[in-house]
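Worksheet: the structure to be examined is printed underneath.
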Amino acid sequence: MRYIPHTAGDVTQMLERVGVATLKDLFVEVPESVRLKRPLDLQELASETELLREFKALAAKNATPETHKSFLGGGAYHHFIPTVIDQLISRSEFYTAYTPYQPEISQGTLQAVFEFQSLICQLTGMAAANASMYDGASACAEAVLMAMRLTRRKRVLLSRAINPRYRAVVATYCRYLNLELVDVAVADDGRTDLDDLKAKLDDSTAAVVAGYPNYFGVIEDVAALAEQVHGAGARLVTAVAEPVALGLLKSPGELGADIVVGDAQSFGLPLAFGGPYVGFFAVRQKDVRGMPGRLVGETTDLEGQRGFVLTLATREQHIRREKATSNICSNQGLCALMATIFMSLLGKQGLREMAEQNLAKAAYARQQLSAVKGFSLVFNGPAFNEFVVRSEAPVAEVLTSLEKVGILAGIPLGEDYPELKDCFLVCVTEQNQREEIDALVAALQGGAA
Amino acid sequence: MTIVGTSGLVLNEKLLFEHSDPGRKGYSLPKLDVPSAELPAELCRQEINGFPELSEVDVVRHFTRLSTWNYGVDSGFYPLGSCTMKYNPKVNEAAARIPGLAGIHPATPSHLSQGILELMYRLQSALAEISGFARVTLQPAAGAQGELAGMLVIRAWHEARGSKRTKVLIPDTAHGTNPATASLTGYDVMPIASEGILTLEEVEAHMNDDVAALMVTNPNTLGLFESNIEAICKLVHERGGMVYCDGANLNALMGIARPGDMGIDVMHFNLHKTFSTPHGGGGPGSGPVGVTEELIPYLPGPGVECDGLGVDCDKESYRLESANADSIGRMMAFHGNVGIMVRAYAYIRSMGPEGLKYASEMAVLNANYVRARLEGVYDLPYKSRSLHEVIFSDKDLEGSCHTLDVAKRLIDYGYHPPTIYFPLVVKGAIMIEPTETESREILDEFCDAMISIAGEARDNPDLLHQAPIRSKVRRLDETTAARKPKLRWEEGG
């Protein structure tokens, strides 16, 4: 076995040193009654060649943006991934290291996380960010829990315009915490309905959660939300599933958000059927000690050199146990590194240019699609790179017929929004060439409807 | 003895932001092929204050230099107890990067994602076989999230039966995530003081009709097999509770014994420990959860289903099944850390059934070999047979040195230190988990270093107090870091 270096001679000598006769004797504390008395029923091992052949055969059965023209978004985005990222994260000093518990030999990870935290602060307009969370949805759930702890209130309002899967994860996390989750309606422009929000906000409300942009690609009026939410003494949580938008949009922090969470998958992470992605989590200065997750801070060593350490650990499970701010132990270290490299490469100009391209491509697609007979746009609020299309023909039939010509046109919305059962969500990024958009339009015109 | 650690040329490197120069560019995008568009000006920001401007060369050199300040499994021996820092096979990395696996969107319809669904189905089936559980969900992102999923499942089962139990029993040797998870599930934690392994009497004394579950780790964090586990599970079940197992230490048991056969009801796996996926400097991990038949309805969803007979079923028959009404719901926005699942499945395929069992045997042999070589030099608080890890303490260390000093001195010798000061029940704990991927040669060199350090502690304690001296930085001021937290770079700051 190429991963196990022991020779037969080693095993004999080691057993002798340990003072047992056979390998079985090492397991003397495992009662006979629970021992497995047969070999595991698994496939025989595959050689490296066989394994790659097998995996490539599985891969060939999947549709990807390389095999299909893809307009799928909804919280996972097909964006440009610079070659540099995979080259750098393949440095095994990065990917084969553990959580940086020994800072003297983990400065690479620690400095990179400090840079990640700094970049997320700049992007979101917030004072402090943690070392990352599992994904945008779990970050959103942790934000709700944090707001509940800070306000000591038990009611949370969730805009129906945030990603429905984020809402579902919030519900899972809060399932037995005696918390009331209330939906806030969507207005005609695709934004959170401010009147409905006003009606539901009260002095027991811990937090209000809204997207930015929201699930329908519409840009919420965060300032107006913040004004209402703060008026009730609650916290505004903004969930950013598509952070490329922040290359162009005012930061949620500037507009009054109290906790900004989201997913940085758009920043250089492959789609990978939904993960691993990387959640981010940013707060105002006053709330730093109430945050979940790992935090890296700057300090100095014995000789006065700058260095970085994991800090404020007294919030965490390994110290506080049942009184911790969260049960989270890991972060998404390597994914956070990918996002950090991405933001470093794109920088101030690049992220803006990329955001502008997304905006322009989606605007072009929206305009072209809205002219096709049998299809219409649902929301008229300002949008970024996604939008909702209503179809006169049944959505399932439309999408299936487009698949047959190699187009993944969008995500049907009926399952999550019964009132939008005749609608699908279309995403257009800088990766979609004009020809692809034109092909989508032509296919819809040509009888997909 | 050859000391592995030495000092080479160590390069300094500023923060990204300190390299930034206006006008530098590290990217290229295609020319825009559609008319440009604008948003209302009041929605737009001017620029992202502080965001860097760097060339591609700047960025590559920056992160390459940072990487050299790290120590990974590929750098050397990493005996971090309870973390199973085994070698991360390279073919796993290649497999996860195959475009048809890395590039698939999570909302792709099932009939166009049969390959990835089949892989996930095969992985969950393999994990079920290895652990003895009826069903495995792959959704949780990490061990701690797996614990949460598992404890929510247990609570949902209780609630469905109208049971309003409020407490969870947790031995004091448990990982901190266990009590934190129980809390997040809305339970009160009742710690059990245990002496080595849990006895039936201890559990019996605490197990009443207000206790929903017992959380155990097996082998436990002392590296000891919970030999009374069958009787304990039977008792907990008789009194209406469930048994959760933290699967962090499964690396001792593959092909040897299965938690599902011991009476355990729920267990999470750590694919980043037992199944060789890289730790990535803190993640991403993956924390699938296995359950007994009775608990299947409560698992998070959607899960991968197959209309057929396991791996032999029809090509077109894998699908994502929406969660049923009893499910605890969704843990993640999509289907979990699929890229990690691909690596773990590649590992299982590379090892085969005999290979996995042999891995566990060699992991246990290695831990016992280290124990045999260091017993008598370092205090061994628990004498029963160790499994995959061994716990020493600093009790027998002469002079003024403690566990922390030994750990820091190991860095100078070129090793990653073991886990220290955990489990909490051992004062000054030194928790060594060699894993199976280390040779006798490496173990001997490491043990020589440990013995040498014990001698230094006696003869020249200052060497330990000053350590490490060969690393990029010396000991860091953690007190000031926590007292006046500086968590981000700021212009002019």
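At a temperature of 20 °C and a viscosity of 1.002 mPa s, determine how fast the protein assembly as shown diffuses translationally according to Stokes-Einstein, using the Kirkwood radius over alpha-carbon pairs as Rh; express D in µm²/s, rounded to the nearest whole number. Write down the numbers at each step before the final one.
Values: Rh = 28.2 Å.
Roughly 76 µm²/s, to the nearest whole number.
Return, for the Cα atoms of chain A, the radius of gyration and Dmax in Å, separated by a comma.
Cα-based Rg and Dmax for chain A come out at 25.2, 82 Å.
Which lysines does residue B:86 reach when only Cα atoms under 21 Å apart count, and residues fewer than 8 places away in its own chain are ignored?
Within reach: B:273, B:357.
Determine how many Å³ per residue the convex hull of the Cα atoms of segment A:86-139 encloses.
Convex hull volume per residue, Cα atoms: 110 Å³.
Considering only A:63, A:131, A:161, give the residue with the highest GNM mean-square fluctuation for chain A, with springs between Cα atoms whenever their separation is below 10 Å.
A:63
Identify which of A:419, A:303, A:353 has the largest mean-square fluctuation in a Gaussian network model of chain A, with springs joining Cα atoms closer than 10 Å.
Top of the fluctuation ranking is A:303.
What translational diffusion coefficient, to the nearest whole µm²/s, does chain B have by Stokes-Einstein, given a Kirkwood radius computed over alpha-carbon pairs, a temperature of 4 °C and 1.567 mPa s viscosity? Kindly include the intermediate steps, with their values, before the conclusion.
Numbers: Rh = 25.1 Å.
Diffusion coefficient, whole number: 52 µm²/s.
Which entries of A:24/B:408; A:198/B:167; A:56/A:404; A:24/B:167; B:164/B:383 show an alpha-carbon separation above 30 angstrom in the structure shown? Please report the intermediate quantities before stating the final value.
Details: A:24/B:408 36 Å; A:198/B:167 39 Å; A:56/A:404 23 Å; A:24/B:167 38 Å; B:164/B:383 40 Å.
Exceeds cut-off: A:24/B:408; A:198/B:167; A:24/B:167; B:164/B:383.
In segment A:256-371, how does Rg compare with the Kirkwood Rh, expressed as the Rg/Rh ratio over alpha carbon atoms?
1.09
How many Cβ atoms of partner chains, on average, are near each residue of B:115-125 if near means within 10 Å of its Cβ?
4
Quick one: among A:180, A:93, A:29, which has the greatest mean-square fluctuation in a GNM of chain A with alpha-carbon springs under 10 angstrom?
The residue that fluctuates most here is A:29.
Full extension from residue B:479 to residue B:305: what is 0.36 nm times the residue separation minus their Cα-Cα distance, to one decimal in nm? Provide the component values of the computation, followed by the final result.
Numbers: separation 174, 0.36 × 174 = 62.64 nm, distance 5.11 nm.
Fully extending the segment from residue B:479 to residue B:305 adds 57.5 nm.
Give me the base-10 log of I(q)/I(0) for segment B:92-349 at each q in 0.07, 0.09 Å⁻¹, Debye formula, one uniform scatterer per Cα, rounded to two decimals.
Taken in order of the listed q values, log10 I(q)/I(0) reads -0.23, -0.38.
I'd like the per residue volume of the convex hull spanned by the Cα atoms of segment B:121-245, given in cubic angstrom.
Considering the Cα atoms of segment B:121-245, their hull volume per residue is 111 Å³.
Find the Rg to Rh ratio for segment A:383-436, where Rh is the Kirkwood radius over alpha-carbon pairs and Rg uses the same atoms.
Here the Rg-to-Rh quotient is 0.98.
If the convex hull of the alpha-carbon atoms of segment B:361-479 is projected onto planes in all directions, what is the mean projected area in square nanometres?
7.6 nm²
How shielded is B:342-349 by partner chains, expressed as the average number of their Cβ atoms within 10 Å of its Cβ atoms?
Values: counts 5, 0, 0, 4, 6, 2, 5, 10.
Partner-chain Cβ atoms within 10 Å, mean over residues of B:342-349: 4.
Which whole number gives the average count of other chain Cβ atoms within 10 Å of the Cβ atoms across peptide B:360-370? Mind showing how you got there, number by number?
Values: counts 3, 7, 9, 2, 4, 10, 4, 2, 7, 6, 1.
Taking all residues of B:360-370 together, the mean is 5.
Let me know the charge dipole size of chain B about its Cα centre in debye, to the nearest 20, where only the beta-carbon of Lys, Arg (+1) and Asp, Glu (-1) is charged. Each step should come with its number before you reach the end.
Numbers: 45 positive and 63 negative charges, 160 e Å.
With only Lys, Arg, Asp and Glu charged at Cβ, the dipole is about 760 debye.
What ranking, highest mean first, results for peptides B:94-101, A:225-232 when packing means the other Cβ atoms within 10 Å averaged over each residue?
B:94-101, A:225-232
Taking the alpha-carbon distance from residue A:348 and a cut-off under 17 Å, which lysines remain once sequence neighbours fewer than 8 residues away in the same chain are dropped?
Straight-line reach from residue A:348, under 17 Å: A:250, B:25.
Translational diffusion coefficient, Stokes-Einstein: compute it for segment B:42-116 using the Kirkwood radius over C-alpha pairs as Rh, at 25 °C and 0.890 mPa s, and state it as an integer in µm² s⁻¹. Let's see the in-between values first.
Details: Rh = 17.6 Å.
For these conditions, the coefficient is 139 µm²/s.
If you count, for each residue, the other Cβ atoms within 10 Å and average over each peptide, how do A:144-153, A:244-253 line up from highest to lowest?
Working: A:144-153: 19.5, A:244-253: 24.5.
Order by mean packing, descending: A:244-253, A:144-153.
Based on the alpha-carbon gyration tensor of segment B:1-43, what equivalent-ellipsoid semi-axes (square roots of 5 times the eigenvalues) come out, in whole Å, largest first? Display every interim value, and only then the final one.
On the way: eigenvalues 457, 47, 25 Å².
Square roots of five times the eigenvalues give 48, 15, 11 Å.
Let me test this: with uniform point scatterers at the alpha carbons of segment B:176-283, what is the Debye-based log₁₀ I(q)/I(0) at q = 0.10, 0.12, 0.21 1/Å?
Debye curve over Cα of segment B:176-283, log10 I(q)/I(0) at q = 0.10, 0.12, 0.21 Å⁻¹: -0.29, -0.42, -1.22.
Using only the Cα atoms of segment A:88-244, what are the Rg and Dmax in Å?
17.7, 56
Starting from the Cα gyration tensor of segment A:166-213, take the square roots of the eigenvalues, sort them a ≥ b ≥ c, and report rounded, prolate or oblate (rounded when a/c is under 1.5, otherwise prolate if a/b is larger than b/c, else oblate). Write out the running numbers ahead of the final one.
On the way: a/c = 2.67, a/b = 1.44, b/c = 1.86.
Here segment A:166-213 falls in the oblate category.
How high is the FRET efficiency between residue A:313 and residue B:466 when r is their beta carbon distance and R₀ equals 30 Å, given to the nearest 0.05?
0.75
For the protein assembly as shown, with the dipole built from +1 on Lys and Arg beta-carbon atoms and -1 on Asp and Glu ones, taken about the Cα centre, which of B:327, A:97, A:127 lies farthest toward the positive end?
The residue sitting farthest along the positive end of the dipole is A:127.
Using alpha carbons only, how many degrees (0 to 90, rounded to 10) separate the axis of helix A:107-124 from the longest principal axis of chain A?
It is inclined by approximately 10 degrees.
What order do you get for A:72-78, B:278-284 when each peptide is scored by the mean count of other beta carbon atoms within 10 Å, highest first?
The packing order, highest mean first, is B:278-284, A:72-78.
Between residue A:254 and residue B:18, what FRET efficiency comes out of the Förster formula 1/(1 + (r/R0)^6) with R0 = 22 Å and r the beta carbon distance, rounded to 0.05?
Plugging the Cβ-Cβ distance into 1/(1 + (r/R0)^6) gives 0.35.
Across every pair of different alpha-carbon atoms, what Kirkwood hydrodynamic radius in Å does segment A:348-409 reach?
13.2 Å
Hand me the trypsin sites (Lys or Arg not before Pro) from segment A:1-96 located in a DSSP loop with no more than 16 other Cβ atoms within 10 Å, in residue order please.
Those that pass, being in a loop and sparsely packed, are A:2, A:37.
Coordinate-derived values only; no laboratory data. These numbers come from a predicted model, not from an experiment. FYI the Cβ positions are ideal-geometry reconstructions off the backbone, even for glycines, and counts take in every protein chain you see.
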